[in-house]
Amino acid sequence: MNDNELRSALLSFQKRFGTPIIFIAKKCGVSREHLSKWINIESYLISNELKIKIKTVIKSEL
């Protein structure tokens, strides 16, 4: 899954369940600001470790 697919999956998860971005950020162990920048700025990069954590949060909350 590339960055754009992961962003869209995260946003659809957020919209579907009404999950605040701060909840997802805390589950991943990062700041809300860091996660928001990655969602809104395509050139902003995050680590592969964080991508795995985001995938895990999305799947575990379903």
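Scanning the stretch 43-62 for residues that are at pLDDT below 95, open to solvent by 50 Å² or more (accessible area, probe 1.4 Å) and part of a helix (DSSP H, G or I) yields 59, 60. Does at least one position in the stretch 29-42 carry a residue that is of a type outside the set (A, V, I, L, M), open to solvent by 80 Å² or more (accessible area, probe 1.4 Å), in contact with an Asp or Glu (Cβ under 9 Å, 6 or more places away or on another chain) and not in a helix (DSSP H, G or I)? Checked the stretch 29-42: at least one residue is of a type outside the set (A, V, I, L, M), open to solvent by 80 Å² or more (accessible area, probe 1.4 Å), in contact with an Asp or Glu (Cβ under 9 Å, 6 or more places away or on another chain) and not in a helix (DSSP H, G or I). In the stretch 11-28, how many are free of Cβ contacts under 8 Å to residues at least 24 places away in the same chain and not in a helix (DSSP H, G or I)? So the answer is 2.
Touching a helix residue (DSSP H, G or I) at 6+ places or on another chain (Cβ under 6 Å) and of a type outside the set (S, T, N, Q): does that describe residue 13? Yes: the conditions hold for residue 13.
The values are calculated or read from the model by the stated rules, or taken from the named source; none is laboratory data. Just so it is clear, the structure is predicted and the values come from calculations on it, not from any experiment. Don't worry about glycine lacking a Cβ; one is built from the backbone with ideal geometry, like all the others, and counts go over all protein chains shown. Quick note on the areas: whole protein, heavy atoms, side chains included, nothing else; ligands and nucleic acids left out. Shrake-Rupley method; radii C 1.70, N 1.55, O 1.52, S 1.80 Å.
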